[in-house]
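*Asks:* This is the structure, below, for whatever I ask next.
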Amino acid sequence: MDFPTFARRSRQRESMDNADAACELIHAEYRFLERLNRVGRTAEHILSEVGRRCPARARGDLNVIDFGSGGGAVAARLHDVGARAGRRMRVTASDRSAVAVEYAQARSNGRYASVQADVLQSPFPHGAFDVASCSLVLHHLSDEDVVRALHGMGAAAGELVVWIDLLRDHAGLAGAWLSTLGSRRELRHDAVASVRRGFTRNEAHAAAEAAGLREIVTQRISLGRFLLSARPGVAPARRPTVRATKLSVSFGPVHVLRDQSLVAHAGEIVAVRGPNGVGKSTLLGCISGARRPDGGACWVDHTLGRIGFHPQEGGLFTELDAQRNIATFARLAGVDRRHLDGAVREAIARWGLSECSARPVTTLSGGLRRRVALAACFVHAPRLAVLDEPEAGLDARGRELLAGQIRDIAHAGGTAVLSCHDPFAIVGSECTVIDLGGSP
């Protein structure tokens, strides 16, 4: 699926992530990961990054914890590589799986400690280790748990967090397939599925920022992977929920957007304004996933649920009446069938559409059609709303309803991004304004 409409999924896999998977199959994955980490020089990459970013630690003692260590391969190699360089390494292999801990303990030969712990539970005291690392683990998790895991790593690390994982791109998919040729069918399937749940560098950076890490640096390394390193920090009260980076869109020779960036945070209302033709609708289309940019990238925190999107023209189905329009958008947004009728009734009442709900939208005035479109946009109670000129054609009461809906989202910790010519007339001083092409 084309990015940026792609939403990461973290389903339980048929093999390794299944708690009932046979130990023999799990051990086969550990052996495969050991080869992969050896060929990909995972431990060397971690120690090189420590030397680059923490020069004082480059030659002295180093206390490292490797989260999600599986069979302990990375922990063992960290010890061995450090020992060959004449360094004293204290390495802890940590995994939430008892099978992994037992497997790692049996092969440690005194090189590392192996403990059962879950990074999502932040089991270690703050700064208990110099460095916290993890490799090829977090792509198994939901976006929300990725942020929690990185926050846990940041709490455990005194100086540096190092995260190595899979890049989601065509090269990564090809590498997963080629690296498992000759392996068991389950491992090949597992490797390809893992890449599909991997990350772009932009997504990884945004997750680390949401976890409160700072001085974040990402780089591509071998075997279709990235390395992210960052300093520990405090999770921000207003985490980023939308990040557009250097977006560019052209229609033939005409550049509509060029290197446009935007960041929106939880609890924030962001208003994009500017003269006609400067790319406001195009920018919002990229954020919503309705349009793919020619350049740059857009990341959206999908833990907020489905986006509420209001296109410039409303986007209604002209052959349906108002009620069926709203119900159709509710179903498309994933409203549970048991709650569908109630959600539609509530939206109709909130937007003052009771008397015209059975009328075809083509017979409604422009203002009423706009209300129907907004009711359809908000029917599933989104925590992220992208609204393109939502106030057009609304009367004073309609604008009041719109402002209340936007404020409700922000006050609940969600985010609203809208384009309009006069945002202060809608939400007052509560919004952050971004001018495209200069304000009118």
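*Asks:* When the chain is treated as a GNM, springs tying every alpha-carbon pair under 10 Å, which of A349, A75, A322 comes out with the largest mean-square fluctuation?
*Replies:* Residue with maximal mean-square fluctuation among A349, A75, A322: A349.
*Asks:* Among F317, F32, F67, which comes first, then next, by fewest other beta-carbon atoms within 10 Å?
*Replies:* F317, F32, F67
*Asks:* Which ³J(HN,Hα) values, rounded to whole Hz and listed in residue order, are derived for the range 27-33 from phi using the Karplus coefficients 6.51, -1.76 and 1.60 in 6.51 cos²θ - 1.76 cosθ + 1.60 with θ = phi - 60°, glycine and proline given as x?
*Replies:* 4, 5, 5, 4, 5, 5, 5
*Asks:* Further question: So how far, in whole Å, is the C-alpha centre of the range 104-162 from the one of the range 363-440?
*Replies:* Centre-to-centre distance over Cα atoms comes out at 42 Å.
*Asks:* Looking only at the range 23-231, where both bridge partners belong to it, what percent of the DSSP beta bridges are antiparallel (to the nearest 5)?
*Replies:* Within the range 23-231, antiparallel bridges account for around 35 percent of the total.
*Asks:* For a footprinting-style exposure proxy, rank S429, S248 by other Cβ within 10 Å, fewest first.
*Replies:* The fewest-first ordering by Cβ neighbours comes to S429, S248.
*Asks:* Once phi is turned into θ = phi - 60°, what whole-Hz ³J(HN,Hα) does the Karplus curve with 6.51, -1.76 and 1.60 give for every residue of the range 397-409, x standing for Gly and Pro?
*Replies:* 5, x, 5, 5, 5, 4, 4, x, 5, 5, 5, 4, 5
*Asks:* Among the DSSP beta bridges whose two residues both lie in the chain, what percent are antiparallel, rounded to the nearest 5?
*Replies:* Antiparallel: roughly 40 percent of the beta bridges in the chain.
*Asks:* Can I ask one more? Considering only the other residues whose Cβ falls under 14 Å of the Cβ of S357, what net charge follows from Lys and Arg at +1 and Asp and Glu at -1?
*Replies:* It works out to a net charge of +2.
*Asks:* About the Cα centre of the chain, what is the dipole size in debye to 20, counting +1 per Lys and Arg Cβ and -1 per Asp and Glu Cβ, all else neutral?
*Replies:* For the chain, the charge dipole is close to 920 debye.
*Asks:* Additional query: Per residue of the chain, what 222 nm ellipticity follows from adding -39500 (n - 2.57) for every DSSP H run with n ≥ 4, rounded to the nearest 500?
*Replies:* So the helix-based figure for the chain works out to -11500 deg cm²/dmol.
*Asks:* Please compute the net charge surrounding D165, taking Lys and Arg as +1 and Asp and Glu as -1 over other residues with Cβ under 11 Å from its Cβ.
*Replies:* Summing Lys/Arg as +1 and Asp/Glu as -1 gives +3.
*Asks:* Could you identify which residue out of P382, P390, P123 has the top mean-square fluctuation in a GNM of the chain using Cα springs shorter than 10 Å?
*Replies:* P123
*Asks:* Going by C-beta contacts inside 10 Å, put T432, T318, T245 in order with the fewest on the left.
*Replies:* T318, T432, T245
*Asks:* Out of R397, R220, R273, any idea which swings most in a Gaussian network model of the chain, alpha carbons joined below 10 Å?
*Replies:* R397
*Asks:* Quick one: net charge of S248's neighbours, Cβ under 10 Å, K/R +1, D/E -1?
*Replies:* Taking every Cβ under 10 Å from that of S248, the sum is 0.
*Asks:* Moving on to the next point. Once the dipole of the chain is set up with Lys and Arg at +1 and Asp and Glu at -1 on Cβ about the Cα centre, which of I326, A93, T303 lies farthest towards its positive end?
*Replies:* Farthest towards the positive end: A93.
*Asks:* Then there's this: Rg(Cα) of the chain divided by 2.2 N^0.38 Å?
*Replies:* Dividing the Cα Rg of the chain by 2.2 N^0.38 Å gives 1.13.
All of the numbers you see were taken from the coordinates with simple rules; none came from a lab. As the structure is a prediction and not an experimental result, all values here were calculated from the model. Reconstructed Cβ throughout: ideal geometry from the backbone, glycine too, with neighbour counts over all protein chains shown.
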